[in-house]
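The values are calculated or read from the model by the stated rules, or taken from the named source; none is laboratory data. Keep in mind it's a predicted model, so treat the numbers as computed, not measured. Counting neighbours? That spans all protein chains shown, and the Cβs are built from the backbone with ideal geometry, glycine included.
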Amino acid sequence: MAKTGIYTFIVCLLIGVTAYASFYVAPTESTMGLVQRIFYLHAPSGMTSLAAFLVSFIGSVAYILTRKPRWDWLAVSAAEVGVAFCTVVLLTGPIWAHPAWGVWWAWDARLTSTLVLWLLYVAFLILRTMIEDADRRALVSAFFGVFTFLDVPLVYGSIWWWRTQHPQPVVFTSAGLDPTMRKVFYLSWLSLTCLMALLIRQRYELEQSREELRTLEQELEAH
Amino acid sequence: MPLLSNTAVLLRKELQSEYRSHELLTTASVFILIVIVLFSFTFDPTSAESRQFGPGLLWLAFLFSASLMLQPCFLKERTNDTLSALRLAVSDPFAIFLAKLCANTIFLLVTELLLLFVFAVFYNVAVLSVFPKLALVFFLGSMGIATTGTALSAISSQARMREVLLPLLLMPLLVPVLIPSTEATKALLEAEPTLRWDWLGILIAFDVVFLTALWLFGEYLLEE
């Protein structure tokens with residue numbers, strides 16, 4: 001308990017420092033101005049969500065191979081956290097896109113594939129609510145988790161190919177990213193990854209407690 | 001090879017039961033026909049426009065009908081509990097999937113090719129000259145739909161709200177099939193038809209990846 005408390009405190013501190021650095025330390029971008037600062041939340045969230053989906057995939061494969069419930073708990077926890085970060089990406093994207101591109105949404109390759117990714121994992125979470133039996137749910141959703149993750153590179157590939165055939169919006173290219181901006185970006189990535197680990201851990205413990213409760217209830221019924 | 005002989009027997013069973021009932025092919029064909037007719041009300045189906053939107057429309061109709069067609073694939077085995085009998089009968093459980101996905105590919109392909117001609121007449125598009133190439137695109141696309149669809153049908157048959165669940169799981173997963181199939185079909189229906197191997201490459205990659213995944217993990221889905 002104390003360990004979780006300390007870890008939570010460190011994550012909160014990191015998030016605070018990142019927020020300060022994004023607003024006050026990083027220089028203002030010359031063409032887009034203040035709105036570009038959302039980049040420090042937007043891009044690292046995207047990378048964090050992909051990391052969470054990778055963890056979920058590992059959990060799914062490990063569950064199929066070992067049948068230990070803890071891998072299923074990891075898979076669902078990571079998928080939920082990944083969807084949360086992916087939602088942040090999809091919400092901050094339009095806030096940035098509107099002043100920068102003049103539209104809320106552009107069917108650009110990265111945006112579109114992130115949206116499809118979000119839909120896939122939302123479907124994964126919905127599937128889990130539709131099966132009562134815990135073992136069956138774990139197995140079936142692990143299978144779908146594997147399918148979903150395998151689909152990701154194909155989704156990215158096909159959408160990228162498709163969009164590059166059409167006119168592209170003028171995208172802010174980060175080729176010559178300022179060194180301070182880069183540092184703030186990495187700091188933000190670090191703190192969001194720590195936040196992801198914390199959330200997955202908490203969600204995992206919740207799943208564990210649910211399982212314990214279920215076992216206790218079953219024992220009670222048996223008496 | 002017991003896998004192939006088992007698959008052949010099961011495939012025969014699937015085709016025979018469809019031949020006797022005509023349920024899937026009739027309903028799916030009529031469904032696609034309805035969608036094609038309804039779509040024509042949403043824009044002016046002149047020839048130039050139909051070349052532009054037609055392939056996308058056609059593939060969307062195929063996708064919708066596939067999500068209906070694949071629904072009973074495992075459900076019918078569940079009603080009379082024939083799945084356990086099937087599992088006992090075959091030496092490799094992958095044969096069950098392989099037979100079902102071959103049957104589904106055939107059913108999808110037959111309805112698609114049938115409806116292609118109706119589409120060509122309604123929307124004034126010439127398809128005869130590029131028919132073999134179109135058939136190749138349709139085959140690769142249908143195989144992708146059938147592979148993932150058969151696996152997901154095994155999943156959804158074990159869940160509540162299965163009628164809604166299957167399209168919900170299937171549609172986003174099929175984005176890498178919808179885009180290449182539509183683009184490849186579009187390229188073949190243009191004034192100067194070309195067979196786009198880059199798009200076909202994505203379709204082949206999709207088919208190979210999911211067929212392998214099904215081969216590796218599919219048998220766990222059939223566990224009781």
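Annotations for the structure displayed:
- In segment B:187-200, residue surrounded by the most Cβ atoms within 10 Å (Cβ to Cβ) [restricted to those that are more than 18 Å from residue B:59 (Cα to Cα) and modelled with pLDDT of 85 or more]: B:198
- Options B:155, B:106; residue that is closer than 25 Å to residue B:20 by Cα and either within 14 Å of another protein chain (Cβ to nearest Cβ) or assigned to a helix (DSSP H, G or I) (or both): B:106
- Screening residue B:161 against (1) out of contact with any Cys (no Cβ under 9 Å at 6 or more places or on another chain); (2) more than 11 Å from chain A (Cβ to nearest Cβ) leaves a single unmet condition, (2).
- Subset of segment A:82-129 (residues that are more than 14 Å from chain B (Cβ to nearest Cβ) and either in contact with a Cys (Cβ under 8 Å, 6 or more places away or on another chain) or at positive phi (or both)): A:102
Listed here are the residues, each with its yes/no results for (1) of a type in the set (S, T, N, Q); (2) within 18 Å of residue B:118 (Cα to Cα); (3) outside any helix (DSSP H, G or I).
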{"position": "B:9", "(1), (2), (3)": "no, no, no"}
{"position": "B:14", "(1), (2), (3)": "no, no, no"}
{"position": "B:52", "(1), (2), (3)": "yes, yes, no"}
{"position": "B:56", "(1), (2), (3)": "no, yes, no"}
{"position": "B:68", "(1), (2), (3)": "no, no, no"}
{"position": "B:76", "(1), (2), (3)": "no, no, no"}
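- Unmet criterion (only one of (1) under 26 Å from residue B:100 (Cβ atoms); (2) more than 16 Å from the chain's Cα centre (by Cα); (3) surrounded by fewer than 13 Cβ atoms within 10 Å (Cβ to Cβ)) for residue B:26: (2)
- Qualifying residue in segment A:96-114 (condition: of a type in the set (Val, Ile, Thr), more than 22 Å from residue B:176 (Cβ to Cβ), more than 11 Å from the chain's Cα centre (by Cα) and surrounded by 14 or more Cβ atoms within 10 Å (Cβ to Cβ)): no
- Any hit, segment B:50-65, residues being of a type in the set (D, E, K, R) and closer than 20 Å to residue B:153 by Cβ: no
- Considering residues of segment A:117-134 that are surrounded by fewer than 19 Cβ atoms within 10 Å (Cβ to Cβ) and touching a residue at least 40 places away in the same chain (Cβ under 8 Å) only, the residue nearest to the chain's Cα centre (by Cα): A:125
- Neighbours by Cβ (under 7 Å, 6+ apart or cross-chain): first from segment B:92-103, under 16 Å from residue B:223 (Cβ atoms); second part of a loop (DSSP other than H, G, I, E, B): B:93/B:222; B:96/B:90; B:96/B:222
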